[in-house]
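Okay, structure first, notes after.
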């Protein structure tokens, strides 16, 4: 039964990620805006949910549905890694390093902000 909660949350999160990808597909592909936005928003949501969990007694099923399922399906580390690899392969080393650093910094800040918002 626990797998069902992760499955459902992950499916919805993946659909949200796909919607963001569709919205940003027409933009410049040298910088992967859709992946950046999906990861940043997922971190903000995850931080918010962690903050709520710290204050309230969140059930295990809700944690599985939202924290692991939804946020896991919404964020995309594998795509982040692949797009960064493509930047490096095409010689855009400074862009790749900048993208890595900005992504990590923004995601850490968004987790912190999400916790503080809850």
* Check whether at least one residue in segment 13-21 is touching a residue at least 12 places away in the same chain (Cβ under 8 Å), in contact with a helix residue (DSSP H, G or I) (Cβ under 6 Å, 6 or more places away or on another chain) and within 19 Å of residue 105 (Cβ to Cβ), and report yes or no. => no
* Asked: Pick from segment 50-78 the residues that are at pLDDT 95 or above and assigned to a loop (DSSP other than H, G, I, E, B): which of them is surrounded by the fewest Cβ atoms within 10 Å (Cβ to Cβ)?
  -> 59
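The values are calculated or read from the model by the stated rules, or taken from the named source; none is laboratory data. Predicted, not measured: the structure shown is a model, and the values here were computed from it. Heads up, the Cβs are rebuilt from the backbone with ideal geometry, glycines too, and the neighbour counts pull from every protein chain shown.
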